[in-house]
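K.L.:
I have a structure I would like to understand better, so I am pasting it below and will then ask my questions one at a time.
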Amino acid sequence: MSDTEFSSVPWLSPDERRAWLALYAVATRLNPTLDAELSKRARITLFDYHVLAMTSEAPERALPMSELAARSNASLSRLSHVVKKLEGRGWMERSQSPDDARVTMAALTDEGMAALASLAPDHVRSVRDLVFDGLDARDVSDLERIGRRILGRLEPGNSIVEDNTPADPS
């Protein structure tokens with residue numbers, strides 16, 4: 001890179017640099033911390049847990065794999081690998097959609113729901129402790145707003161970005 005090219009780079013301001021380093025640190029430390037807790041309790045990752053949680057929220061605890069991939073922010077191949085692992089534990093099962101044989105459905109089994117129900121209280125306590133207990137209501141609203149804006153630039157069609165449900169003002 002020449003001196004001219006180097007000097008023409010729009011470098012981060014000191015405030016932007018501090019914000020970036022804080023965001024980077026959160027992004028690189030939060031998931032491994034939550035992964036470790038879930039791995040210790042149930043030998044699953046945060047992503048595995050998220051797949052179970054997203055499926056549990058669906059009607060009849062079942063979703064087309066493509067929709068579950070979108071809700072989980074994952075590729076179909078990554079999701080397929082994880083669902084296969086969870087099937088091996090008896091927590092999920094795949095089947096053809098009764099409406100369209102081309103669509104594969106992923107469903108949470110009763111055993112999977114019981115596992116999720118067992119893990120959820122401690123997981124939520126960890127998320128609250130690590131993230132939300134140090135924030136006030138305005139911080140939470142700002143975190144959502146900022147997260148949606150960044151995600152909108154990364155993936156404009158993401159369902160989180162498309163969700164126009166207002167944040168809870170309380």
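The values are calculated or read from the model by the stated rules, or taken from the named source; none is laboratory data. These numbers were taken from a predicted model, which means no experiment stands behind them. Positions of Cβ are backbone-derived with ideal geometry, glycine not excepted, and every protein chain shown enters the neighbour counts. Surface accessibility is based on the protein's heavy atoms, side chains included, excluding ligands, DNA and RNA. Shrake-Rupley method; radii C 1.70, N 1.55, O 1.52, S 1.80 Å.
K.L.:
Expressed as a whole number of Å, what is the distance separating the alpha-carbon centroids of the stretch 100-131 and the stretch 71-98?
P.N.:
12 Å
K.L.:
While we're here: Rounded, prolate or oblate, given the Cα gyration tensor of the stretch 1-75, with a/c below 1.5 counting as rounded? Show your work: numbers first, answer last.
P.N.:
Details: a/c = 3.67, a/b = 2.15, b/c = 1.71.
The shape class here is prolate.
K.L.:
Long-range amide H contacts for M92: which residues qualify at under 5 Å (H placed 1.01 Å from N, peptide plane, sequence gap of 5 or more or a different chain)?
P.N.:
So M92 has HN proximity to E87, T109.
K.L.:
With all protein chains present, how much of the accessible area of the chain (probe radius 1.4 Å) comes from carbon and sulfur, to the nearest whole percent? Please report the intermediate quantities before stating the final value.
P.N.:
Values: 6460 of 11690 Å².
With neighbouring chains kept in place, the figure for the chain is 55 percent.
K.L.:
Shifting gears a bit: With every protein chain left in place, what is the accessible area per residue of the stretch 1-153 in square angstrom, probe 1.4 Å? All intermediate terms of the calculation are to be shown ahead of the outcome.
P.N.:
Working: 10250 Å² over 153 residues.
Heavy-atom accessible area per residue stands at 67 Å².
K.L.:
Through the Karplus equation 6.51 cos²θ - 1.76 cosθ + 1.60, θ set to phi - 60°, convert the phi angles of the stretch 105-119 into ³J(HN,Hα) values in whole Hz; use x for Gly and Pro.
P.N.:
My calculation for the stretch 105-119 gives 9, 10, 10, 7, 7, 4, 5, x, 5, 5, 5, 4, 4, 6, 7 Hz in order.
K.L.:
Continuing with this model, one more query. Please compute the length gained on full extension between S118 and H81, using 0.36 nm multiplied by the number of residues separating them and subtracting their Cα-Cα distance. Intermediate results must be reported in sequence, preceding the final value.
P.N.:
Numbers: separation 37, 0.36 × 37 = 13.32 nm, distance 2.32 nm.
In short, 11.0 nm is gained.
K.L.:
Between D136 and S66, how high is the FRET efficiency from 1/(1 + (r/R0)^6) when r is the Cβ-Cβ distance and R₀ = 25 Å? Nearest 0.05. Walk me through the numbers before you get to the answer.
P.N.:
Details: r = 38 Å, r/R0 = 1.53.
Rounded to the nearest 0.05, the efficiency is 0.05.
K.L.:
Using only the alpha-carbon atoms, what does the stretch 67-170 span along each of its principal axes? Please give whole angstrom values in decreasing order.
P.N.:
In descending order, the Cα extents are 45, 33, 22 Å.
K.L.:
Let me ask something else about it. Among L63, S77, F132, pick out the residue whose Cα is farthest towards the positive end of the charge dipole of the stretch 47-170, where Lys and Arg carry +1 and Asp and Glu carry -1 on C-beta, about the Cα centre.
P.N.:
Sorting the options by dipole projection puts first S77.
K.L.:
When only the heavy atoms of the protein chains count and the probe is 1.4 Å, how do W91, W11 rank by accessible area, highest first? Walk me through the numbers on the way to the answer.
P.N.:
Details: W91 25, W11 150 Å².
The ordering from most to least exposed comes out as W11, W91.
K.L.:
Further question on the same structure: Could you derive backbone 3J(HN,Hα) for the stretch 142-159 from the dihedral phi with the Karplus parameters 6.51, -1.76 and 1.60 (θ = phi - 60°), listing whole Hz in sequence and x where the residue is Gly or Pro?
P.N.:
Once θ is set to phi - 60°, the couplings for the stretch 142-159 become 5, 4, 5, 4, 5, x, 5, 5, 5, 4, x, 7, 6, 8, x, x, 4, 4 Hz.
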